[in-house]
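To start, the structure under review is shown below, and the notes come after it.
The values are calculated or read from the model by the stated rules, or taken from the named source; none is laboratory data. Since the model is a prediction, treat every value here as computed from it, not as a measurement. Note that we place each Cβ from the backbone using ideal geometry, even for glycine, and neighbour counts take in every protein chain shown. Areas reflect the complete protein model, heavy atoms only, side chains present, ligands, DNA and RNA absent. Shrake-Rupley method; radii C 1.70, N 1.55, O 1.52, S 1.80 Å.
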Amino acid sequence: MGGAKRKRSRKKKSSPKSLDLTSAAASASASTIEEAFSGGNADHIEPPASTSVAENRRPKKRSKLACKPEPSSPVGSPSRRAVPRPVENGDLALIPCDSIGQTVAARAVTAMDAVVKVFCVHTEPNFSLPWQRKRQYSSSSSGFVIKGKRILTNAHSVEHYTQVKVKQRGSDTKYLAKILAIGTECDIAMLTVEDNEFWEGVSPVDFGDLPALQDAVTVVGYPIGGDTISVTSGVVSRIEILSYVHGSTELLGLQIDAAINSGNSGGPAFNDKGNCVGIAFQSLKHEDVENIGYVIPTPVIMHFIHDYEKNGAYSGFPILGIEWQKMENPDLRIAMGMKTDQKGVRIRRIDPTSPENAVLKPSDIILSFDSVDIANDGTVPFRHGERIGFSYLVSQRYTGDISVIKVLRKSKILNFDVKLASHKRLIPSHNKGRPPSYYIVAGFVFSTVSVPYLRSEYGKDYEYEAPVKLLDKLLHYMPQLPDEQLVVVSQVLVADINIGYEDIVNTQVLAFNGKPVKNLKSLASMVESCEEEFLKFDLEYQQIVVLRTQVAKEATLDILKTHCIPSAMSEDLKT
């Protein structure tokens, strides 16, 4: 692709909404707790906002999402819902109440002491110049102590960490923390502190059940503007499958009406009994809405914890590797051979690399998952008066579990045992902390496409600025092989050897010397071992690049020296 094709000529669309990952609002508790304590705010320093793509198994118009905080104001203000009470040295004050109220308030204060402030130094990779990293920056967020001398916070709070420290409430000492696990999809990270002094006098929080609508919640954390704890109050206003901005996945989430600000990320949400019912992690930012925050609920949290305890590491949330269609149209149901009492969804496409591909077929009607009937709109019963997407059932299982799927195929009912797995995308939405891969020969910089790469090349509006073909592959293409990658010529470092090729930018590499390119490692191996006279690369848009093999390899060393590049390939390609 020539230079003129680097960006699409398309007018930007205004985004209907954006989710701010750096929030994590202090949520509300019952009136007793709401009166029982008040607090200040805390500092939060992070880089400008960037975007992320939400997981979309059914292609649809996606909202513009922001997965990092806007620069925070140095001064924060208390939540207008919190009732100020006389305090001393920033501690929560108890007010006279009955015996039940005293018990609840005492539990709340104990739980407050388990909330910690998390300090992180981040060093992000540079996807446009993959051999180097960006300038480091610092951020602060919230976390809380759980059983087993562990701390939970948000994954985006410690993303690309270089150093992580934690500080207890009311303490002046910061302790070095060790990362145990990072769950990118669910936006949860688990830390620990090896210094035993940190754990003295700290009581872990207790987890409560999934709250109901209109239940009071109190979110506690360290938002912008101070060093003391902050409390904001609200109620649960919605429970549904949400788009998790950081991991670009869809999992169960709680919507609350408490304010969410930068620095609250990772803070716990307590119910009126002082039990933790979630982790605040993102908020809705739009001129037409106010005080809409989102909380990771306990089912997702416990899945993360049990996954870590079971496997010794985070293995992820399984998904069905399919795209499906609603069966709400009566004529469609008749044409597919469904009876009047049968309901389900039609399989449109199946991921060729998924275990489901071995047993399921396109146009199969999924009637039930693990004996739970699926409606024509893809929902299943959740709680009294509520329904939820059937992907919730899948997310409750673990990678490697066996589930039973009942399908209707040509008017026959079949049952299949399917081993659940977490599937890879052709263009991954996240690199999970790993540095980008690259390979350089004769000034041609080859790299792989990911959402962070697109964001680095085209900015936060990459959904409108990136080439149409790349966006088409992002939204609709499925990998044909487990290790398949989309390899592109990222840029050409100008030298005498590559005269005439300077304008090639972000163009996919289809083949090398007539052999298909399935991933970057295979390309690097073929080029390094090539003994033919010419290196011939077949690119998209019917472009070809031809170089003399010996001359190209000799010129590579001079180009690396000119641009101060330490190696012609990333470490992962050397193994």
Margin query: Can you pull out every residue in the range 541-557 that is under 15 Å from Val492 (Cβ atoms) and not aliphatic (A, V, I, L, M)?
Written below: Gln543, Thr556
Next item on the list: Give, as residue ranges, the strands (runs of 3 or more DSSP E) completely inside the range 264-353 that count at least 1 residues that are among the small types (Gly, Ala, Ser).
Entry: 268-270, 276-285, 293-297
Margin query: For the range 328-344: of the residues being touching a residue at least 40 places away in the same chain (Cβ under 8 Å) and touching an Asp or Glu at 6+ places or on another chain (Cβ under 9 Å), which is surrounded by the fewest Cβ atoms within 10 Å (Cβ to Cβ)?
Written below: Glu328
Item checked: the range 513-533, subset more than 16 Å from Gly443 (Cβ to Cβ) and in contact with a strand residue (DSSP E or B) (Cβ under 6 Å, 6 or more places away or on another chain), residue surrounded by the most Cβ atoms within 10 Å (Cβ to Cβ) -> Leu520
Next item on the list: Collect the residues in the range 280-327 that are open to solvent by less than 10 Å² (accessible area, probe 1.4 Å) and over 25 Å from Ala421 (Cα atoms), keeping them in residue-number order.
Entry: Ala280, Phe281, Gln282, Ser283, Gly293, Val295, Met327
Note to self: Is it the case, given these coordinates, that Leu486 is more than 25 Å from Ile565 (Cβ to Cβ) and aliphatic (A, V, I, L, M)?
What the structure shows: no
Next item on the list: Scan the range 253-278 for residues that are surrounded by fewer than 24 Cβ atoms within 10 Å (Cβ to Cβ) and touching a helix residue (DSSP H, G or I) at 6+ places or on another chain (Cβ under 6 Å) and report the count.
Entry: 1
Note to self: Which condition from (1) open to solvent by less than 30 Å² (accessible area, probe 1.4 Å); (2) of a type outside the set (Gly, Ala, Ser); (3) within 30 Å of Pro482 (Cβ to Cβ); (4) modelled with pLDDT of 95 or more is the one that Asp538 breaks?
What the structure shows: (1)
Check: What are the residues in the range 515-563 that are over 16 Å from Leu573 (Cα atoms) and charged (D, E, K, R), if any?
Finding: Lys515, Glu531, Glu532, Glu533, Lys536, Asp538, Glu540, Arg548, Lys553, Glu554, Asp558, Lys561
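Consider the range 547-575. How many of its residues are open to solvent by less than 60 Å² (accessible area, probe 1.4 Å) and either among the hydrophobic types (A, V, I, L, M, F, W, C) or not in a helix (DSSP H, G or I) (or both)?
Result for the range 547-575: 11.
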Next item on the list: Tell me, please, whether a residue that is over 23 Å from Ser140 (Cα atoms), part of a strand (DSSP E or B) and of a type in the set (Val, Ile, Thr) can be found in the range 223-236.
Entry: yes
Notebook entry, point to check: Hey, His160 hits all of (1) at positive phi; (2) open to solvent by 60 Å² or more (accessible area, probe 1.4 Å); (3) of a type outside the set (Lys, Arg) but one; which does it fall short on?
Noted result: (2)
Check: Can you tell me which residue in the range 176-187 is farthest from Ser422 (Cα to Cα), limited to those that are open to solvent by 10 Å² or more (accessible area, probe 1.4 Å), touching a residue at least 40 places away in the same chain (Cβ under 8 Å) and part of a strand (DSSP E or B)?
Finding: Leu180
Next item on the list: For the range 188-207, name all the residues that are surrounded by fewer than 11 Cβ atoms within 10 Å (Cβ to Cβ) and in a helix (DSSP H, G or I).
Entry: Asn196, Glu197
Check: Say we look at the range 233-245 and pick out the residues that are of a type outside the set (Gly, Ala, Ser) and open to solvent by less than 10 Å² (accessible area, probe 1.4 Å); which of these is farthest from Leu475 (Cα to Cα)?
Finding: Val236
Notebook entry, point to check: So Arg348 fits all but one of (1) touching a Ser or Thr at 6+ places or on another chain (Cβ under 9 Å); (2) modelled with pLDDT under 95; (3) surrounded by fewer than 20 Cβ atoms within 10 Å (Cβ to Cβ); what number is the exception?
Noted result: (2)
Next item on the list: Test Ser403 against the stated conditions and say whether it is within 21 Å of Ile319 (Cβ to Cβ) and in contact with an Asp or Glu (Cβ under 9 Å, 6 or more places away or on another chain).
Entry: yes
